[in-house]
Amino acid sequence: MQTTSTNSAEPSSPALDRQSLRPDCGKCFALCCTAFGFARSADFALDKPPGSPCQNLAPDFSCTIHDSLRPRGFRGCTVFDCFGAGQNLSQGLFAGKSWLENPETKDEMFSAFKAARQLHEMLWYLAEAQTRTFDPDTSRRAVQLRNRIEHAVCGELPELLSLDIQDLHSQVRSTLMDVSAEVRASYFAAGDDHLESALKPGADLMGKSLRSRQLCGADLRGAYLIGADLRGSDFSGVDLLGADFRDARLERADLSKALYLTQPQLNAARGSRATLLPSDLKMPSHWHNG
Ligand code: SF4
């Protein structure tokens, strides 16, 4: 991750390279496989208490069933993404010393990871907000927030653990919504009135057919798109912040200019090589045969 040594605003700061917010599991102490707790479900085949290693975790922090997670009932593991928090914390604040080597750091490391993961996700969104806005004031706000967050995740552990994440989250959300309004205003959604009234934040579009639609400029923040048929649709300028894409059909959809799309959303969906993605997101491996 690019880091800054100050939390002051630098309006001319270059946009954050989102590649630094991609997970690098080889440099992480399997924090996602230990810190969180899971109840047995369709996404995770066993009960796992928080703060304990998953029974499929090897001593070298690799997953012993990595190549067969989905067929063995661990689909949730293929969807999760830490936005680079795992390796940043393992190699940064904890200086390459794992919870196995230093068991006394375990509780703090897992608590720090839960906080850092949320902060890294905010960085992902802020990086996009900074590049999509044409408003210098909004860009400056995005940079200020980004600097504060980078300072927290790369600074001292007590600072990170005592951070008011909810307050920060509210400020980030406000900035993201301003950029969303600005971006969406440059698009004109084409289509019938009935469809336009259904396209709103938090909309329940589960299982609906929105196939080959021009959804450009819609606000689908927090929408439920579970199992929806979105094949061949155009998502240019569509706000997808927190939209639920589980099992949504995205074959041939154009998501290359969608707003606030994340890797976990794609990982949860179904798509194919013909799905157009933003350049800093990867086609999920389970799409390869789609
Ligand atoms: S199944 Fe594998 S990837 Fe999932 S939590 Fe367990 S060790 Fe980690």
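Going by the structure shown, is Lys97 assigned to a loop (DSSP other than H, G, I, E, B) and more than 29 Å from Leu259 (Cβ to Cβ)? Write out each step before concluding.
Working: assigned to a loop (DSSP other than H, G, I, E, B): yes; more than 29 Å from Leu259 (Cβ to Cβ): yes.
Taking the combined requirement at face value, the residue satisfies it.
A quick yes/no check of all residues on (1) within 12 Å of the ligand (Cβ to nearest atom); (2) modelled with pLDDT under 95; (3) surrounded by fewer than 17 Cβ atoms within 10 Å (Cβ to Cβ):
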position: Asn7; (1), (2), (3): no, yes, yes
position: Ala39; (1), (2), (3): no, no, yes
position: Phe74; (1), (2), (3): yes, no, no
position: Phe83; (1), (2), (3): no, no, no
position: Ser90; (1), (2), (3): no, no, no
position: Phe94; (1), (2), (3): no, no, no
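Within the option set Ala268, Ala228, being outside the structural domain of Met122 (by TED's automatic domain parsing) and touching a residue at least 40 places away in the same chain (Cβ under 8 Å) holds for one residue only, Ala268. A Cβ distance below 8 Å, combined with a sequence gap of six or more or placement on separate chains, defines the contacts here; from segment 153-166, residues that are under 14 Å from Lys114 (Cβ atoms) reach residues that are among the polar types (S, T, N, Q) and outside any loop (DSSP other than H, G, I, E, B) in the pairs Val153/Asn88; Leu161/Ser111; Ile165/Gln118. For segment 143-238, the helices (runs of 4 or more DSSP H) that sit wholly inside it and include 1 or more residues that are touching a helix residue (DSSP H, G or I) at 6+ places or on another chain (Cβ under 9 Å) are 157-161, 165-184.
When you look at Thr105, is it within 9 Å of the ligand (Cβ to nearest atom), in the same structural domain as Gly155 (by TED's automatic domain parsing), within 27 Å of Val153 (Cβ to Cβ) and not in a loop (DSSP other than H, G, I, E, B), yes or no?
Values: within 9 Å of the ligand (Cβ to nearest atom): no; in the same structural domain as Gly155 (by TED's automatic domain parsing): yes; within 27 Å of Val153 (Cβ to Cβ): yes; not in a loop (DSSP other than H, G, I, E, B): yes.
No; evaluated as a whole, the condition is false for this residue.
Do we have Asp204 as among the acidic types (Asp, Glu), without any contact (Cβ under 8 Å) to a residue 24 or more places away in the chain and farther than 30 Å from Thr138 by Cα here? Against the criterion (among the acidic types (Asp, Glu), without any contact (Cβ under 8 Å) to a residue 24 or more places away in the chain and farther than 30 Å from Thr138 by Cα), Asp204 qualifies.
Here segment 47-69 is the region considered, the condition is being near the ligand (Cβ under 9 Å from one of its atoms), open to solvent by less than 30 Å² (accessible area, probe 1.4 Å) and in contact with a Phe, Trp or Tyr (Cβ under 9 Å, 6 or more places away or on another chain), and the residue that is nearest to Ser98 (Cα to Cα) is Cys54. Of the listed requirements (1) crowded, with 18+ Cβ neighbours inside 10 Å; (2) away from the ligand (no atom under 15 Å from the Cβ); (3) not in a helix (DSSP H, G or I); (4) not hydroxyl-bearing (Ser, Thr, Tyr), Leu119 misses just one: (3). The residues listed here are Leu195, Leu176; of these, the one that is open to solvent by less than 20 Å² (accessible area, probe 1.4 Å) and modelled with pLDDT under 95 is Leu195.
The values are calculated or read from the model by the stated rules, or taken from the named source; none is laboratory data. Keep in mind that this is a model prediction, so the values were computed, not measured. Cβ atoms come from the backbone with ideal geometry, glycine included; neighbour counts cover every protein chain shown. All accessible areas refer to the heavy atoms of the entire protein, side chains included, with ligands and DNA or RNA removed. Shrake-Rupley method; radii C 1.70, N 1.55, O 1.52, S 1.80 Å.
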